[in-house]
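Asks: Quick one: this structure, given as structure tokens, is what I'll be asking you about.
The values are calculated or read from the model by the stated rules, or taken from the named source; none is laboratory data. Only a predicted model underlies this, so the values are computations on that prediction, with no experimental measurement involved. For neighbour counting, all protein chains shown are included, and Cβ atoms are generated from backbone atoms with ideal geometry for every residue, glycine included. Surface accessibility is based on the protein's heavy atoms, side chains included, excluding ligands, DNA and RNA. Shrake-Rupley method; radii C 1.70, N 1.55, O 1.52, S 1.80 Å.
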Amino acid sequence: MSIYTILQAWDRFWFSEVSPLSVAVYRILLGFLTIAFILLLIPDLFVWFGSHGMCSNQAVADWNNGHAVFLNLFSFFPDNDQFLVVFQCVFFLAAVALTLGFHARVAATICYLCLTSLYHRNPFIFNAGDTYLRVSTFWLIFSASGNALALTGRQKRSNPAGNFNSYKKVSIWPLRLLQIQLATVYWHTFFCKIVGGPWIDGSAVFTASRIEDLQRLPLPFVFEHAWTINLLTWGTLGIEGALFTLIWIKEFRYWVIAFAVIFHLTIEYHMNIPIFEWLMIVSYVLFFEPEHLALAITWLRNKFTNQKVTTPN
Amino acid sequence: MTNKQLKPVRKNSILNELLSREEWARIRKPIISAFLILHCTLNYCYLFNNHPYINNVNHFFFGYYAFMGLEQSWNVFSPGPRSTNPHLTAIVTYQDGSSRLWTYPRMERLDFFTKIPKERYRKFFDDNAAWNTPVVWPDIARYVARTNYFDLDNPPILVSLIRFSSAILPMEEGINKPNPPQSDSKVLGVYPITAQDLDGVMHK
């Protein structure tokens, strides 16, 4: 192998061109989940971020050993509940704009700034799903997600007669970053689990099922037999392993995604971790071939509208 | 690398003001490649911080990485799921010597729909405040005092935070058995409440 071959492979992987459809569908789904994130925060907004809430700016600064230089819009208006309300409204509007594709890049930037500010204001209430949402929104800023299925930016794309296969191609590297981000989640969690202990001896799912504050709906039989618990524990490792390896291989991709969707829906049924499972599920769209997405969207449009347009390959 | 596929700088782009089209075409790939390599390396170093050299990289770039909120960790349920069931309780003591018990919305006591927006309480208390974040205990005490200040003549003067927990049985012993009650207790702190802490509380 020569250096030239490596550079060519790098060039092909990061700098080839692709339809913006996958990243546009991802933007819409991520936008819906961001709206859900905002709405779920509203009932206890002042409890978590308010001037008389459960976590002061001082506590967060102490937690960070006094290093308080973080990207945080609340630093400009500390302990100001009026600003908090305005902030939440702007965040909501940005999330709606992101979903609709109204100046998508600006909307993604505002969403990222808001998510990061909330995280730096009170890091103690956010779970892995929130981290994934924040980091994904950051990568989305660089993508041309507004070049398809968007309200603005129509001049940048060509979509004659509603043909979802004919969008002007864009640089692939932001899509690659989003794909790598998703693979990184499973890569890290897989290697943290296989170091030994309950994931290897097959009992981890039993312990997880006994965490009372995480339970949503009961799953009868499954958690009452050692063989089903072993199967689910090792099956989890298998699926997570496939989600950063086999998902890159075309022939296995949709099978891996199908198993992963069942896996996350099972967790969603049994455990109360709002948004996280849905975030992972919608992220699989990043691995879909744009032609397949075009077919699916055309089918949906024909199903729900009177337009009858076929998408040529 | 070939420049054949390079896209021209967009019209009305701020880049047009700074660079000519040819200049941008020449430096576009190296700049983006540097950005990609930097962030992929930082992610790797942060997630797999298992060597002094990697730690040095993290130390050097942590300011940028943390400032941007890009730090991430996906070690959920690893190396094993949490093996305890905790909850946190506060006892509010009033000026006249009476007391009142307070607890937050506990997930296992909420219905299907209520527990969805209240999940943040689980994360805050059960994963963090009940264990390893003493920095928020005084804030919790003040918050509890304010929300339990009902009589102007009888203000809260003391809030005690207590963690209750129980260990989850190992699989060999635990199958088909209920979880043990959360009866192990530990006083996390006792916090005096001042008049200043109660400022701004509205009374009917």
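Asks: What number of residues in the stretch B:113-147 are over 12 Å from the mean Cα position of the chain (by Cα), within 7 Å of chain A (Cβ to nearest Cβ) and of a type outside the set (Asp, Glu)?
Replies: Number satisfying all stated conditions: 7.
Asks: Can I ask one more? Can you tell me which residues in the stretch B:149-159 are surrounded by 19 or more Cβ atoms within 10 Å (Cβ to Cβ) and either outside the structural domain of residue B:194 (by TED's automatic domain parsing) or assigned to a loop (DSSP other than H, G, I, E, B) (or both)?
Replies: Of everything in the stretch B:149-159, those that are surrounded by 19 or more Cβ atoms within 10 Å (Cβ to Cβ) and either outside the structural domain of residue B:194 (by TED's automatic domain parsing) or assigned to a loop (DSSP other than H, G, I, E, B) (or both) turn out to be B:149, B:155.
Asks: Quick one: count up the residues across the stretch A:1-38 that are free of Cβ contacts under 8 Å to residues at least 24 places away in the same chain and in contact with a helix residue (DSSP H, G or I) (Cβ under 8 Å, 6 or more places away or on another chain).
Replies: Applying the first criterion (free of Cβ contacts under 8 Å to residues at least 24 places away in the same chain) to the stretch A:1-38 yields A:1-12.
If we keep only those that are in contact with a helix residue (DSSP H, G or I) (Cβ under 8 Å, 6 or more places away or on another chain) too, we end up with A:10-11.
The total comes to 2.
Asks: Within the stretch B:160-204, how many residues are part of a strand (DSSP E or B), polar (S, T, N, Q) and touching a residue at least 40 places away in the same chain (Cβ under 8 Å)? Even if it seems obvious, please write down each step before you answer.
Replies: Let us first name the residues in the stretch B:160-204 that are part of a strand (DSSP E or B), namely B:160-167, B:184-192.
Still in the list and also polar (S, T, N, Q): B:160, B:165-166, B:185.
From what's left, touching a residue at least 40 places away in the same chain (Cβ under 8 Å): B:160, B:165-166.
Number satisfying all stated conditions: 3.
Asks: Within the stretch A:220-251, how many residues turn out to be farther than 21 Å from residue A:188 by Cα and of a type in the set (Gly, Ala, Ser)?
Replies: Of the stretch A:220-251, the ones farther than 21 Å from residue A:188 by Cα are A:220-231, A:250-251.
Checking the rest, the ones that are also of a type in the set (Gly, Ala, Ser) come to A:226.
Count: 1.
Asks: Something else about it: Do we have residue A:278 as assigned to a helix (DSSP H, G or I) and either surrounded by fewer than 14 Cβ atoms within 10 Å (Cβ to Cβ) or acidic (Asp, Glu) (or both) here?
Replies: no
Asks: Could you name every one of the helices (runs of 4 or more DSSP H) located completely within the stretch A:1-116 that has at least 3 residues being under 19 Å from residue A:285 (Cβ atoms) and of a type outside the set (Phe, Trp, Tyr)? Full working, then the answer.
Replies: Details: elements: A:3-15, A:21-41, A:45-49, A:57-63, A:81-100.
Answer list for the stretch A:1-116: A:21-41, A:81-100.
Asks: Please determine, by comparing only the residues of the stretch A:35-61 that are within 7 Å of another protein chain (Cβ to nearest Cβ) and under 20 Å from residue B:145 (Cβ atoms), which one is most open to solvent (accessible area, probe 1.4 Å). Explain how you work it out, then say what you get.
Replies: Looking only at the stretch A:35-61, we keep the residues that are within 7 Å of another protein chain (Cβ to nearest Cβ), and these are A:40, A:43-44, A:48, A:52-56, A:59.
Okay, now just the ones that are also under 20 Å from residue B:145 (Cβ atoms), so A:44, A:48, A:52-56, A:59.
Values: A:44: 14, A:48: 3, A:52: 96, A:53: 9, A:54: 0, A:55: 1, A:56: 34, A:59: 4 Å².
Checked the stretch A:35-61; the qualifying residue most open to solvent (accessible area, probe 1.4 Å) is A:52.
Asks: Among all residue pairs at least 6 apart or on different chains, which show Cβ distances below 7 Å where the first residue, located in the stretch A:202-226, is on the phi > 0 side of the Ramachandran plot and the second is open to solvent by 30 Å² or more (accessible area, probe 1.4 Å)?
Replies: From residues that are on the phi > 0 side of the Ramachandran plot, the pairs are A:202/A:230; A:202/A:234.
Asks: Mind listing whichever residues of the stretch A:23-70 are of a type in the set (S, T, N, Q) and within 30 Å of residue A:171 (Cα to Cα)? Quick ask: steps written out before the conclusion?
Replies: Keep residues of the stretch A:23-70 that are of a type in the set (S, T, N, Q), which gives A:34, A:51, A:56-58, A:64-65.
If the condition is that a residue be of a type in the set (S, T, N, Q) and within 30 Å of residue A:171 (Cα to Cα), then A:34 is the only one that fits.
Asks: When you look at residue A:237, is it more than 10 Å from chain B (Cβ to nearest Cβ), surrounded by fewer than 20 Cβ atoms within 10 Å (Cβ to Cβ) and part of a helix (DSSP H, G or I), yes or no? Please lay out each step first, then the result.
Replies: On the way: more than 10 Å from chain B (Cβ to nearest Cβ): yes; surrounded by fewer than 20 Cβ atoms within 10 Å (Cβ to Cβ): yes; part of a helix (DSSP H, G or I): yes.
Yes: the conditions hold for residue A:237.
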